[in-house]
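Below is one structure; the comments refer to it alone.
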Amino acid sequence: MSTPVSNVPLVTLNNGVEIPQLGFGVFQVPPAETRQATLTALEVGYRHIDTAEMYGNEAEVGEAVRESGIERSDIFVTSKLNNGFHDPDKVPEAFAGTLKALDIEYVDLFLIHWPLPTIDVDYVDTWKAMEGLLDGGHLRAIGVSNFQISHLERVIAAGSVVPAVNQSEIHPYLTQDPLREFDRSQGIATEAWSPIARGKVADDPAIKAIAAKVGRTPAQVVLRWHIQRGEIVFPKSVHRSRVEENFALFDFELHDEQMAAISALNRNERTGPDPDTFAHVPK
Ligand SMILES: NC(=O)c1ccc[n+]([C@@H]2O[C@H](COP(=O)([O-])OP(=O)(O)OC[C@H]3O[C@@H](n4cnc5c(N)ncnc54)[C@H](OP(=O)(O)O)[C@@H]3O)[C@@H](O)[C@H]2O)c1
């Protein structure tokens with residue numbers, strides 16, 4: 001596969017590692033379709049893939065990365081610690097499993113998937129075990145996902161590494177401005193999951209009106225809104241035309257009033273679980 005020249009900006013994380021601001025997410029992509037979906041994304045030009053042990057498709061992501069013919073160092077791969085592995089003794093085993101499934105020499109970024117603040121393992125202890133993974137030479141950065149400000153405060157106070165990223169649900173109906181501001185103040189990069197609210201933004205009249213004005217699709221407008229807010233995004237699609245659509249974000253801009261109009265759609269509405277109460281641990 002040839003390596004198209006990419007115009008995706010790189011974000012420098014707090015340890016100097018660079019991550020493409022736009023990536024491809026594979027949540028709910030069935031394992032049987034993941035290899036092809038990932039290859040399609042890489043062909044289109046994406047160089048950042050977001051997976052997780054919980055998604056059950058790390059091996060297929062790894063296959064696509066290896067088969068793509070693209071230099072390993074030109075692709076950024078994130079995976080996540082599943083909820084059943086918060087016990088500090090289980091963290092190395094979980095990471096070894098991810099590394100084995102992906103089979104791509106190293107992982108760029110490994111996140112605690114959910115804080116699970118109500119279970120009997122303290123996520124601060126999980127974080128300290130995550131820090132230990134950095135010594136193994138197979139991991140470039142560690143971070144968290146779905147951490148609220150109170151969770152981040154405890155991890156930063158007790159840990160010796162500040163998370164490189166916090167990956168949270170963020171879209172026009174859940175703009176999460178206090179959390180983003182806290183991340184920024186601590187040097188933590190904000191990643192926005194479900195950036196187009198699982199496709200819901202495509203039907204929003206206000207977003208459709210802006211899209212008509214700028215001659216783009218609603219999804220492109222919302223993804224561009226994230227990019228201009230400085231967030232890292234990785235929309236998911238199993239359709240090549242949408243994978244292409246979601247990648248074409250760097251030849252137009254939204255002006256301040258359009259940005260503000262999209263932000264004003266906030267209604268603190270989650271599509272996924274609440275991190276303060278979510279406690280699902282697979283057996
Ligand atoms: N850390 C976490 O807890 C967490 C949680 C959820 C997600 N994530 C990550 O974030 C990634 C993205 O989130 P997500 O998959 O939940 O939601 P999303 O990217 O906001 O939306 C994906 C949905 O929108 C549709 N879609 C994609 N492009 C579209 C377009 N241009 N126009 C209209 N509809 C479009 C897709 O359908 P088709 O596939 O049919 O095109 C799919 O149903 C995930 O894949 C995963 O990597 C992380």
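In this structure, the residue pairs whose Cα-Cα separation is over 24 Å, taken from Lys200/Lys283; Lys128/Lys236; Lys80/Lys128; Lys100/Lys200; Lys200/Lys236; Lys90/Lys283, are Lys200/Lys283; Lys128/Lys236; Lys100/Lys200.
What whole-number value in cubic angstrom gives the convex hull volume per residue for the C-alpha atoms of the chain?
Details: hull volume 34.5 nm³, N = 283.
Per-residue hull volume (Cα only) is 122 Å³.
Per-residue Karplus couplings for the stretch 169-180, computed as 6.51 cos²θ - 1.76 cosθ + 1.60 with θ equal to phi - 60°, are listed in order as 5, 8, 6, x, 8, 8, 7, 6, 4, x, 5, 4 Hz, Gly and Pro entered as x.
Couplings 3J(HN,Hα) for the stretch 222-237, derived from phi with the Karplus relation 6.51 cos²θ - 1.76 cosθ + 1.60 (θ = phi - 60°), are 5, 5, 5, 4, 4, 4, 5, 7, x, 7, 8, 10, 8, x, 10, 8 Hz, where x marks Gly and Pro.
Modelled label-to-label distance, Ala32 and Phe252, 7 Å Cα→beta-carbon offset: nm? A separation of 3.7 nm, rounded to one decimal place.
Across the stretch 41-47, computed HN-Hα scalar couplings (Karplus, 6.51 cos²θ - 1.76 cosθ + 1.60, θ = phi - 60°) run 4, 5, 5, 5, x, 4, 10 Hz from first to last residue, x flagging Gly and Pro. For the stretch 124-156, trypsin sites (Lys or Arg not before Pro) meeting the loop criterion (DSSP other than H, G, I, E, B) and having at most 15 other Cβ atoms within 10 Å: none. Dipole magnitude for the stretch 18-119: about 160 debye, using +1 per Lys or Arg Cβ and -1 per Asp or Glu Cβ, origin at the Cα centre.
Can you tell me, using C-alpha contacts under 8 Å and at least 6 residues apart, the relative contact order of the chain as a whole percent? List each step's numbers first, then the result.
Details: 525 pairs, mean separation 54.3, N = 283.
It rounds to 19 percent for the chain.
With R₀ set to 41 Å, the beta-carbon distance separating Asp203 from Leu10 gives a calculated FRET efficiency near 0.80.
Bear in mind that the values in this text are calculations on the coordinates, not laboratory data. As the structure is a prediction and not an experimental result, all values here were calculated from the model. Because the Cβ atoms are built from the backbone with ideal geometry, glycine has one as well, and the counts that use them run over all protein chains shown.
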